[in-house]
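First the structure, in the form of structure tokens, and then the observations on it.
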There are 2 protein chains.
Amino acid sequence: MSSERLIYLPLGGAGEIGMNAYVYGYGKPGKERLILVDLGVTFPDMDGTPGVDLILPDITWLAERRNQLEAVFITHAHEDHLGAVAHCYEKLGAPIYARAFTSNLARRKMSEFGHPESAVKTVSPWPEVTQAGPFSVGFVPISHSIPESSGLVIDSAGGRIVHTADFKIDETPVVGEAFDHDLWASLAAPGVKALMCDSTNVFSTNEGRSEATVATPITELVERSKGMFICTTFASNVARVKTLAEAGVRAGRSVCLMGRAMRRMIEASVETGVLKDFPSTISPEDAKGLPRENVMLIVTGSQGERRAASAQLANGKYQGMTLKEGDTFLFSSKTIPGNERGVIRIMNQFSEMGVDVIEGDDRYHVSGHANRPDLDTMHKLIKPQTVIPMHGEHRHLREHVKLAKSNRLGGMLAVNGMMIDLSGNKPKVAEYIETGRTYLDGSVKIGAMDGVVRDRIRMALNGHVMINIILDEDDDPLGEPWCETMGLATTGRSHAPLVDVLEEDLSQFLGRANDKTLGDDDKLEEGLRRVARQSTQNEVGKRPEVTVVISRLSA
Amino acid sequence: MSSERLIYLPLGGAGEIGMNAYVYGYGKPGKERLILVDLGVTFPDMDGTPGVDLILPDITWLAERRNQLEAVFITHAHEDHLGAVAHCYEKLGAPIYARAFTSNLARRKMSEFGHPESAVKTVSPWPEVTQAGPFSVGFVPISHSIPESSGLVIDSAGGRIVHTADFKIDETPVVGEAFDHDLWASLAAPGVKALMCDSTNVFSTNEGRSEATVATPITELVERSKGMFICTTFASNVARVKTLAEAGVRAGRSVCLMGRAMRRMIEASVETGVLKDFPSTISPEDAKGLPRENVMLIVTGSQGERRAASAQLANGKYQGMTLKEGDTFLFSSKTIPGNERGVIRIMNQFSEMGVDVIEGDDRYHVSGHANRPDLDTMHKLIKPQTVIPMHGEHRHLREHVKLAKSNRLGGMLAVNGMMIDLSGNKPKVAEYIETGRTYLDGSVKIGAMDGVVRDRIRMALNGHVMINIILDEDDDPLGEPWCETMGLATTGRSHAPLVDVLEEDLSQFLGRANDKTLGDDDKLEEGLRRVARQSTQNEVGKRPEVTVVISRLSA
């Protein structure tokens, strides 16, 4: 047995849905040549990451080994696969390989950050391959919910790995390449060491439905709608946008795209030739001049995002357009768990306008991920020694391992940070790597464990008390302590202003404090904080965050 | 036409799901004698109400008319109908009428607040009625997901109103009274002016399923499970708790109830006689001594609540119990929109322990609310002049009005604050009343619009900068300005500590400031805030909340 080994290390995406980042390596232990597959983001929420702009995988481990990194391969252009590429480029520096549509979008991102667009290399699909150190990597077209999605064939002296990326089995995907059973079966020929496989829909027991199945129901719906017809889907689901637009045209409507992402995606699709016969569209200005029943708007914001077109229309107006009684709004999408509140808010706003809303209706949406029977199909086509589930929360990965075993394949549950050695007959854990999340917060990156966001959450839950005291040259308080509060009721139990009660209690504390306490900033601060907490608790029943500022006039 | 009028005024629950509070009145305009039906709470979330403990309807309008208020009627013991009774008792003072089980729980709440338990009067069901000023009110048993739920017949000289409260049409409800078609049909005999009707499930097009249908699937599931079996449901769903417990016993398991609410509900059910043959239960201590396959835990926390038994078990341990590989955890419940994140967190924690989790499986749960066909049935039984939908978001109410019209009944959409005059042939809006939400925040009540929670949200999104400056007797700065930050990155663009950059920029501002600015607290504060915001924006890309404290040493 050679001393070289083949390793797999997820830095993101294994144990969560989002911020995919999977490392493969081949070479002597610790000196492997590395490639990275996908480099995505995940989105913040008020519960755990208030105020954060974007969540990136912590790539410290990889950045420390940038000299070992040969290349980054991006399987498709969804944000959870592509979104961190420009953010992390400086730290990694490696060339980025993708197919034309994905490259087009990757270059736009690089350019926004002032990085060289030339770092993004466009590659052709399998059987063409890219050499990256010990690896030969091929992009195998696969159906998903965005153009030119690809699984990867990753060959090395350590054996063949098939990395599905996100996929569904769709023989009529409307835009782009149909799932090709023969092609995928052919990948199994040399024997496949491991199949890294999408797990998102492992709990969905029905066979997946094709993108093509929604066209007729959508067309019928548009045809029987009376007022303006407005619909939303992920802008990147170019096939769906096309289906919607064609339904509009068939019903005698002019189509208007609204929202920056919607226009950018269609632009990229046309530029790269993946979209050939998209109906001509009109501007919002032109749409306003037409009778409502002759207009279809296709808008961004299927997840209730606050700044997207759908939310703005729900708030009243977007680019001069307003909705009204008799209009119909279709969510041609599924609400991602966690986004329900935003979507429901919009639905009720539309309801108040008299707009009929259709949401959560399976006739008008299909998933882009393989359901359980389709995962079975993939297992059977590839016949790997081991299935290593990815792109899933822990429960998805665990269930997918069970599924692999029920298909008499090996299965291994590997979460972020588990470095798997694939060299032997059975994969084994080689090492545990520290991984985590990096927050883009305003213009800076902060670690998830830095405490910055934790402090914000605490202020949101508990309120904030600020205390100022000034001490003179003899460590005697000069005047009374001064309090300010934020996020706390202004009066409580005693009906006196909370700040007055606090200042009084703090004053008394200072009056009782001995010289040792008054002379020691830490002791004094601790005492003041304790009194402020207790006093706030008594008055309004909350234990606030407390900031103490002690100013000493002594020279 | 008499000068008396019959009015309906929802203060909560119409345009939202939660904090139900519906006022009815009869008498001369402005001098109506009033009754209140239900007085519930709704639950806070991190998105809009971080740190808030409970959300109550704003009852200012009613409190200002407490002399006109005859009584409060509570239809059933769910928190969104009963939860605010004790919180609001001081402001309203009226007697509270409910059936035995609801009374039992209402008295516990009153007693916790030091209010007289005697204010809660237990009434018998229809045809017995309670006189309350001009109203005669009867509690008509109806099936729902908690014992002794009742619709109300509200008679006055203004005509009959039927208020369904929350309901489903269930002829085999396991615990409590079956839906009695003849009884409900008989209410229509004298003619019904208006039907105030539950709207929760108006978008569910299938006929509702009976509580009894889940017993067999649950029993089969428990029987084929190997390790410990743990299940959760709303504690108040006593029928479900009984079904679960009986399934456990049938599978040879001893049943242990965990979580305060679970034990309290079963206690109240037994005390009031609504639950007669509940299997005997064992303590957690005893459960620990038994083989795992002989134990069933029924626990609180079906919505992923952080402090409930399920979340604590997911965190590792609760009352000495731990779960492990081979155990099964059943959510015999539906996740309420907005609670997904908490539930998913728990599911993944269990997955990490090797526990099999079953969630979102219709075989093991049925809704407590009437689906669309069941609403049709109710419409047809009661044959009201007008249906006024309640217990729903705007979209539910709007759809329910459409349904009423399709059943050839009048329908009116009334949201919180719309006072409806029911006197004429057609209901009409009499007045718009200001309504809203009151937050229980620690131990104090604050208005939703007071800005307290808004400030907390802003600190969570933007971080907080605190600035201190001291000015001497001549309005000259004494030393440098002092900054503290909370919830902001400690360094940014310049790689110097953020507070140093802020202090430097603020210093420069002070150096440039003229006497007029230095002598005017408002001007000075405004200037310092502006500089701090701009400087923070430059460094870390965020515009923080800023608190400025100016101390003047002048006498």
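When only DSSP loop residues count, what chymotrypsin sites (Phe, Trp or Tyr not before Pro) in the stretch B:71-163 have their Cβ near at most 15 other Cβ atoms within 10 Å? Write down the numbers at each step before the final one.
Numbers: sites: B:73, B:89, B:97, B:101, B:113, B:135, B:139; in loops: B:113.
For chymotrypsin sites (Phe, Trp or Tyr not before Pro) across the stretch B:71-163 that sit outside H, G, I, E and B with at most 15 neighbouring Cβ atoms in 10 Å, the list reads B:113.
Would you mind working out the accessible area per residue for the stretch B:211-362, using a 1.4 Å probe, and quoting it in Å²?
With the other protein chains kept in place, the stretch B:211-362 gives 41 Å² per residue.
Counting helices only, and only those DSSP H runs with n ≥ 4, report the 222 nm mean residue ellipticity of chain B as the sum of -39,500 (n - 2.57) divided by its residues, in deg cm²/dmol to the nearest 500. The partial results should precede the final answer.
Working: 17 runs with 170 residues, N = 555.
It comes out at -9000 deg cm²/dmol, rounded to the nearest 500.
Can you give me the Cα centroid spacing of the stretch B:256-321 and the stretch A:141-203 in angstrom?
Measuring centre to centre over Cα atoms gives 46 Å.
How about residue A:380: which lysines have a C-alpha closer than 28 Å to its C-alpha, ignoring those fewer than 8 places off in the same chain?
Filter leaves A:168, A:193, A:402, A:405, A:426, A:428.
In the stretch A:455-476, which residues give up 30 Å² or more of accessible area once the other protein chains are added, compared with their chain alone (1.4 Å probe)?
Residues passing the criterion (a loss of at least 30 Å², heavy atoms only) are A:455, A:456, A:459, A:460, A:461, A:464, A:466, A:468, A:470.
Tell me which of B:338, A:366, A:496 sits at the most positive position along the dipole axis of the protein assembly as shown, charges placed on C-beta atoms (Lys, Arg +1; Asp, Glu -1).
My answer, from the dipole projection, is A:366.
Can you tell me the accessible area per residue over the stretch A:500-555, all protein chains present, probe 1.4 angstrom, in square angstrom? Show your work: numbers first, answer last.
Numbers: 2740 Å² over 56 residues.
It amounts to 49 Å² per residue over the stretch A:500-555.
One decimal, nm, shortest first: give the distances between the label point of residue B:186 and those of the same position in the other copies, each label point 7 Å from Cα along Cα→Cβ.
Relative to the other copies, residue B:186 has label-point distances of 7.8 nm.
What order do you get for A:288-301, A:488-501 when each peptide is scored by the mean count of other beta carbon atoms within 10 Å, highest first? The partial results should precede the final answer.
Values: A:288-301: 20.3, A:488-501: 17.0.
Result, highest mean first: A:288-301, A:488-501.
What are the GluC sites (Glu not before Pro) within the stretch B:453-555 that DSSP puts in a loop, where the Cβ has at most 13 other Cβ atoms within 10 Å? Can you show the working numbers first?
Details: sites: B:473, B:484, B:503, B:504, B:525, B:526, B:539, B:545; in loops: B:473.
Taking the stretch B:453-555 and a limit of 13 other Cβ atoms within 10 Å, the loop GluC sites (Glu not before Pro) found are B:473.
Quick one: Cα centre-to-centre distance for the stretch B:31-96 and the stretch B:364-378, in angstrom?
27 Å
Considering Cα pairs under 8 angstrom that are at least six residues apart, work out the relative contact order of the stretch A:459-505 and quote it in whole percent. Show your work: numbers first, answer last.
Working: 53 pairs, mean separation 15.8, N = 47.
Worked out over the stretch A:459-505, it gives 34 percent.
Which of the GluC sites (Glu not before Pro) across the stretch A:177-243 are loop residues per DSSP, with 16 or fewer other Cβ within 10 Å?
On the way: sites: A:177, A:207, A:211, A:220, A:223; in loops: A:177, A:207.
Passing sites in the stretch A:177-243 are A:207.
Using only the Cα atoms of the stretch A:204-253, build the gyration tensor, take square roots of its eigenvalues as a ≥ b ≥ c, and label the shape rounded, prolate or oblate: rounded if a/c is under 1.5, else prolate if a/b is larger than b/c, else oblate. Before the final figure, lay out the partial values.
Numbers: a/c = 2.26, a/b = 1.70, b/c = 1.33.
Prolate.
Considering every Cα-Cα pair within the protein assembly as shown, what fraction, in whole percent, is farther apart than 41 Å?
Numbers: 322142 of 615495 pairs.
I get 52 percent for the Cα pairs in the protein assembly as shown exceeding 41 Å.
At 1.4 Å probe size, with the rest of the protein present, what percent of the exposed accessible area of chain B is carbon and sulfur atoms? It would help to have the intermediate numbers written out before the result.
On the way: 10070 of 21580 Å².
Ligands and nucleic acids excluded, carbon and sulfur reach 47 percent.
Could you give the angle, 0 to 90 degrees to the nearest 10, between helix A:521-540's Cα long axis and the longest principal axis of the Cα atoms of chain A?
Taking Cα atoms only, the helix is inclined about 80 degrees.
Answer rounded, prolate or oblate for the stretch A:347-483, using the Cα gyration tensor with square roots of eigenvalues a ≥ b ≥ c: rounded when a/c is under 1.5, else prolate when a/b is larger than b/c, else oblate. List each step's numbers first, then the result.
On the way: a/c = 4.86, a/b = 1.66, b/c = 2.93.
The shape class here is oblate.
Hey, what did chain B get for relative contact order, percent, Cα under 8 Å, at least 6 apart?
On the way: 1249 pairs, mean separation 81.2, N = 555.
With pairs under 8 Å counted, the relative contact order is 15 percent.
How big is Rg to Rh over the stretch B:463-552, alpha-carbon atoms, Rh as the Kirkwood inverse-mean-distance radius? Don't skip to the answer; put the middle values down first.
Details: Rg = 12.5 Å, Rh = 12.9 Å.
Rg/Rh for the stretch B:463-552 comes to 0.96.
List the residues, sorted by chain then number, that are 5 or more residues from residue A:471 or on another chain and whose placed amide H is less than 5 Å from its amide H.
Correct list: A:478, A:551, A:552, A:553.
Over what distance in Å are the Cα centres of the stretch A:386-441 and the stretch A:1-20 separated?
8 Å
For q = 0.15, 0.19 Å⁻¹, what log10 I(q)/I(0) does the stretch B:114-251 give under the Debye formula with an equal point scatterer on each alpha carbon and no solvent?
Summing over Cα pairs of the stretch B:114-251 leads to -0.86, -1.14.
Which log10 I(q)/I(0) values does chain B give at q = 0.07, 0.11 Å⁻¹ under the Debye formula, counting every alpha carbon as one identical point scatterer?
-0.52, -0.99
How far is helix B:372-382 tilted off the main Cα axis of chain B, in degrees rounded to 10, range 0 to 90?
Helix B:372-382 and the main axis of chain B meet at about 60 degrees.
Among bridges DSSP assigns within chain A, what percent are antiparallel (round to 5)? Write out the running numbers ahead of the final one.
Numbers: 50 of 98 bridges.
Around 50 percent of the beta bridges assigned by DSSP in chain A are antiparallel ones.
Expressed in nm², what is the orientationally averaged projection area of the convex hull enclosing the Cα positions of the stretch A:211-362? Each step should come with its number before you reach the end.
On the way: hull surface 32.5 nm².
Reported value for the Cα convex hull: 8.1 nm².
Compute for chains A and B the buried accessible surface, both sides summed, probe 1.4 Å, and express it in Å² to the nearest 100. Show your work: numbers first, answer last.
Working: alone 24220 and 24220 Å², together 43160 Å².
In total, this chain pair buries about 5300 Å².
Give me the angle, in degrees from 0 to 90, between the Cα long axis of helix A:100-112 and the longest principal axis of the Cα atoms of chain A, rounded to the nearest 10.
Roughly 30 degrees, rounded to the nearest 10.
The values are calculated or read from the model by the stated rules, or taken from the named source; none is laboratory data. Owing to the predicted nature of the structure, the values given are computational and were not obtained by experimental measurement. Cβ: placed from backbone, ideal geometry, glycine included. Neighbour counts: every protein chain shown. Side chains are part of the model used for accessible areas, which takes the heavy atoms of the whole protein and leaves out ligands, DNA and RNA. Shrake-Rupley method; radii C 1.70, N 1.55, O 1.52, S 1.80 Å.
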